[in-house]
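So the structure is just underneath, and the comments pick up after that.
The values are calculated or read from the model by the stated rules, or taken from the named source; none is laboratory data. Since the structure is predicted, the reported quantities are computational estimates derived from the model, not experimental observations. Please note: Cβ atoms are built from the backbone with ideal geometry, for glycine as well, and neighbour counts cover all protein chains shown. What goes into the accessible areas is simple: the full protein's heavy atoms, side chains included, and nothing from ligands, DNA or RNA. Shrake-Rupley method; radii C 1.70, N 1.55, O 1.52, S 1.80 Å.
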Amino acid sequence: MTRADAGIITVNPTTGEELGFYPYTPAQGIDQVLSTAAASQWPRSSVENRVAAISRLGEALLKRREALATLITLEMGKPIRQARAEIDKCVTACRYYAQELPDILRPESFEVDGDRAVVQVRPIGVVFAILPWNYPWWQVIRAMLPAIAAGNTIVLKHAESVTGSAMAIADLFQETFGPDVLQTVVVDAPTASDIIGDSRVAAVTFTGSDRVGALVAARAGAALKKCVLELGGSDPFIVLSDADVPAAAAAAVTSRFLNNGQSCIAAKRIIVHRDVRDAFVEALVPRVHKLAVGDPAEETTDVGPLARHDLRDSLREQRFQAMAAGSRVLAEVQAPESSRGAWFSPAILEVEGNNSVLLSDETFGPLGALTTGTDDDELIAIANSSRYGLSSSLWSTDGDHAASVSARIDAGAVFVNTISATDPRLPTGGVKASGYGRELGKWGVYELANLQALRIRKP
């Protein structure tokens, strides 16, 4: 048996060097984790205890900010400044829930035909979380902190390439919440499927591709388990004829290339009104050329490597298909030449027609597509033509115009005159092939909770 057969090998995508080896959790270990999670006293904890634990987590994240950010950069190539920002965002979420949880969990009382009625937020049990690598800490906090706040316990299967971060997550949760609130398992896909079907698991949450999400949903559905899915997107960035063009161009570059282009809510399809196309491109191109591409450990780096070599290869194939279909390069920055790193040269391509792979499929990396439309109807038609519907960004200086157009976008969120971003105060989630269910805010707490109705009639 090789090491790869017995566990997971993590690799630094900047250099191609091996970082660590993590053996698979044995069957008896998985059984112990599930039993411990199911027997936890956390579901019966007071609101005050939950608030205190969440506050401890936020403080612990602050204390370990540099070490955790460095590990993120090593394992997935995120530029170090952005890795620190990821930890900071997790701290913000902890502070939000520490402050708002008493109100979120407070029972709602009212009268029903003379009877007293109460709606209570109760936990549902063990949540099995299958989460991705692109935001190793934020994905866990975003998806699981609301579930933990509701009183649930978590069994985490993190992405293989960030297993070191997964272990750090488990350690920090054990320190701040105790040993049984969030536990990590290292398992392959067939074993994960078995865990979904285990009777001790009450619900499943998954973030990743729609292809794998469909398999997870089918397995969960067969076992009658609640399932929350965030399945990525091909988000439109819509520039109307009355937009602030320089501001929109600057935001498009930020959104498309943040996190090395590996974000579900990045501006993947830049859809520009034909009347402002030339001005937009004129403002966009120099901003792309100014991107600093290189070692993600350097403070000045804007774009590092992709997280894995297979992701780099898939993006190269998408670019090849787009160029073969008539796309042309608007702006490009050369990445370092390396036979070992997962490097890809960031670029924006202008596509010909609406049948490009860059418009139909998700491009998960620093490769953007620009296309144009003649009026609002055509811009919206292009935006809604994708099978995805996660988030979107719309640019207009006319508030009424923006409101009218935004109401026609098929997406879980619309951001007007700003880029798409998750925020602990707002629900996040998608429609169509981007999945279902919501995370964050009070809605994320309720999504994986038993909203128990209690009706009391006087004797």
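Just a few scattered comments:
- Among the strands (runs of 3 or more DSSP E) confined to segment 163-266, the ones with at least 1 residues that are over 19 Å from the mean Cα position of the chain (by Cα) and of a type outside the set (A, V, I, L, M) are located at 182-184, 226-230.
- Yes/no for G368 being small (G, A, S) and open to solvent by less than 10 Å² (accessible area, probe 1.4 Å): yes
- Hey, P102 at pLDDT 95 or above, touching a helix residue (DSSP H, G or I) at 6+ places or on another chain (Cβ under 9 Å) and either open to solvent by less than 20 Å² (accessible area, probe 1.4 Å) or among the aromatic types (F, W, Y) (or both) or not: no
- Residues (in a loop (DSSP other than H, G, I, E, B) and closer than 20 Å to V329 by Cα) located in segment 279-301: K290, L291, A292
- Entry remark, segment 210-224: residues being charged (D, E, K, R) and surrounded by 22 or more Cβ atoms within 10 Å (Cβ to Cβ) number 0 in total.
- Residues within segment 413-459 that are farther than 26 Å from A252 by Cα, under 18 Å from the mean Cα position of the chain (by Cα) and open to solvent by less than 60 Å² (accessible area, probe 1.4 Å), tallied: 6
- Boolean, E66 is open to solvent by 80 Å² or more (accessible area, probe 1.4 Å), of a type in the set (D, E, K, R), closer than 24 Å to D310 by Cα and free of Cβ contacts under 8 Å to residues at least 40 places away in the same chain: no
- Inter-residue pairs, beta-carbon under 7 Å, first touching a residue at least 12 places away in the same chain (Cβ under 8 Å) and in segment 171-187, second among the basic types (K, R) and open to solvent by 20 Å² or more (accessible area, probe 1.4 Å), 6+ apart: T176/R56; V185/K157; V187/K157
- Single unsatisfied condition, D113 versus (1) within 22 Å of the chain's Cα centre (by Cα); (2) over 21 Å from E48 (Cβ atoms); (3) open to solvent by 20 Å² or more (accessible area, probe 1.4 Å): (1)
- Whichever residue in segment 69-99 is open to solvent by 70 Å² or more (accessible area, probe 1.4 Å) and among the polar types (S, T, N, Q) and, among such residues, is nearest to P424 (Cα to Cα): T92
- Qualifying residue in segment 340-355 (condition: open to solvent by less than 50 Å² (accessible area, probe 1.4 Å), under 14 Å from V288 (Cβ atoms) and among the charged types (D, E, K, R)): yes
- Verdict on H289 being more than 25 Å from the chain's Cα centre (by Cα), within 16 Å of L394 (Cβ to Cβ) and open to solvent by 10 Å² or more (accessible area, probe 1.4 Å): no
- Tabulated pairs, segment 77-88, first touching a residue at least 12 places away in the same chain (Cβ under 8 Å), second open to solvent by 40 Å² or more (accessible area, probe 1.4 Å), C-beta under 6 angstrom, 6+ apart or interchain: I80/A297; E86/Y135; I87/R65
- Of all the listed residues (V51, V33), the sole one being part of a helix (DSSP H, G or I) and farther than 16 Å from Q174 by Cβ is V51.
- Selection of segment 163-181 for residues being surrounded by fewer than 19 Cβ atoms within 10 Å (Cβ to Cβ) and closer than 18 Å to Q41 by Cα yields Q174, E175, G178, P179.
- Scanning segment 304-337 for residues that are farther than 15 Å from L359 by Cα, assigned to a loop (DSSP other than H, G, I, E, B) and either open to solvent by less than 50 Å² (accessible area, probe 1.4 Å) or in contact (Cβ under 8 Å) with a residue 12 or more places away in the chain (or both) yields G304, P305, L306, A307, R308, V333, Q334, A335, P336.
- Residue match in segment 244-252 (condition: farther than 30 Å from V285 by Cβ and in contact with a strand residue (DSSP E or B) (Cβ under 8 Å, 6 or more places away or on another chain)): no
- Lone qualifier among P146, P136, P132 - being out of contact with any strand residue (DSSP E or B) (no Cβ under 9 Å at 6 or more places or on another chain) and of a type outside the set (G, A, S): P136
- Residue in segment 385-399 that is surrounded by 15 or more Cβ atoms within 10 Å (Cβ to Cβ) and assigned to a helix (DSSP H, G or I) present: no
- Filter result (open to solvent by less than 30 Å² (accessible area, probe 1.4 Å) and either closer than 15 Å to V181 by Cβ or of a type in the set (A, V, I, L, M, F, W, C) (or both)) within segment 26-50: I30, V33, L34, A37, S40, W42, S45, R50
- Which listed residue is outside any loop (DSSP other than H, G, I, E, B), modelled with pLDDT of 95 or more and either out of contact with any Asp or Glu (no Cβ under 6 Å at 6 or more places or on another chain) or open to solvent by less than 10 Å² (accessible area, probe 1.4 Å) (or both), from D377, D410: D377
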